[in-house]
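Here the structure is laid out as structure tokens; the discussion comes afterwards.
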Amino acid sequence: MSIKKEPIKWISHRGLCQNADENSFASFQAGVQAGFHYLETDLRLTKDGHIVLSHDQTLSRTGGVDIDVSTSTREELSKIKLNKGSPLLFFDEFFSAFNQLGHVFDIKLETGFEVIKILSRYKIDLDKTIFLLWSPAQQKELLNVFPGANCFATESECKRAGFSVLLKMPFLGGIRPAKIYSIPPYFKGCSLFQEKIVNCYNRYGAEVLAYLPETQKEAQMAIDANVRYVLSNHDFKLIPK
């Protein structure tokens, strides 16, 4: 029996990218039009101190050019077109255009401290923002700057919690109240989008994010399992109207 039933929050992973470049204005606009509640994006710092939205440190995959964003200036990066024709998007542009939605900010490790310092200049609504960091020290610094900020459990925390749940010993997982833990659709062929698994986290006051379901069936499994969040590359036409 479910411990709670709350509306699922859908998170668009770098925007909807079927017809647009990831992390571009067009992909985020597509996510808005599809009805996503949150837009997830990746934050890195340019050479001259601007936050650019780029998952990779170089643009070889997304733009076909072997350019490191952290050693390039905003002016240099602004001249580049991504694979589907969009320019790179910068944080100030994103924040101005999409501030009405919830945000998930994936702060990349290489320039994390500098990005946090710049974010401190913005009036970020912590009630509709979730942060993902890859360093305990950077997460500590973020919480110094934004006390009470909502952060996803780190990768190591998710693995520890996940293994403890699968071993039916969740008390060993260090699962903490109000934390959000990510789980993939499967582990070694075993479906993880199950209500009994999600309930193990809920009993400790934690919430679960379904990490990148890639099919309609997997998305429906996540919904049926009563996860709190779904991070997705697709809308599956399951977004609440």
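The values are calculated or read from the model by the stated rules, or taken from the named source; none is laboratory data. Just so you know, these numbers come straight off a predicted model, no measurement behind them. Note: ideal-geometry Cβ built from the backbone for every residue, glycine included; neighbour counts use all protein chains shown. Note: accessible area is taken over every heavy atom of the protein model, side chains too, but ligands, DNA and RNA are not part of it. Shrake-Rupley method; radii C 1.70, N 1.55, O 1.52, S 1.80 Å.
Things to note:
- Qualifying residues in region 215-238 (those that are outside any loop (DSSP other than H, G, I, E, B) and open to solvent by less than 30 Å² (accessible area, probe 1.4 Å)) - the one farthest from LYS196 (Cα to Cα): SER232
- Meets criteria (of a type outside the set (A, V, I, L, M), at pLDDT 95 or above, over 17 Å from ASN23 (Cα atoms) and open to solvent by 40 Å² or more (accessible area, probe 1.4 Å)) for ASP92: no
Yes/no per residue for (1) more than 18 Å from LEU209 (Cβ to Cβ); (2) under 17 Å from the mean Cα position of the chain (by Cα); (3) open to solvent by less than 30 Å² (accessible area, probe 1.4 Å):
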{"residue": "PRO7", "(1), (2), (3)": "no, no, no"}
{"residue": "HIS13", "(1), (2), (3)": "no, yes, yes"}
{"residue": "SER27", "(1), (2), (3)": "yes, yes, yes"}
{"residue": "HIS55", "(1), (2), (3)": "no, yes, no"}
{"residue": "LEU59", "(1), (2), (3)": "yes, no, yes"}
{"residue": "THR62", "(1), (2), (3)": "yes, no, yes"}
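- Among the residues of region 193-214, the ones that are assigned to a loop (DSSP other than H, G, I, E, B) and under 19 Å from the mean Cα position of the chain (by Cα) come to 5 in all.
- Of all residues making up region 135-167, the number that are more than 19 Å from LYS108 (Cβ to Cβ) and open to solvent by less than 50 Å² (accessible area, probe 1.4 Å): 4
- Restricting the search to helices (runs of 4 or more DSSP H) fully inside region 2-119 and requiring at least 3 residues that are over 23 Å from ALA219 (Cβ atoms) and aliphatic (A, V, I, L, M) gives 112-119.
- Contact map, region 136-160: residues that are under 23 Å from TYR122 (Cβ atoms) paired with residues that are open to solvent by 80 Å² or more (accessible area, probe 1.4 Å) and of a type in the set (Lys, Arg), Cβ distance under 8 Å, separation 6+ or inter-chain. Pairs shown: VAL145/LYS117.
- Test: residue in region 37-52 that is under 20 Å from the mean Cα position of the chain (by Cα), more than 20 Å from THR111 (Cβ to Cβ), surrounded by 18 or more Cβ atoms within 10 Å (Cβ to Cβ) and of a type outside the set (A, V, I, L, M): yes
- Index of the failed condition, ILE124 passing every other in (1) modelled with pLDDT under 95; (2) out of contact with any helix residue (DSSP H, G or I) (no Cβ under 7 Å at 6 or more places or on another chain): (1)
- Count of region 132-167 residues which are assigned to a helix (DSSP H, G or I) and either within 18 Å of the chain's Cα centre (by Cα) or of a type in the set (Lys, Arg) (or both): 12
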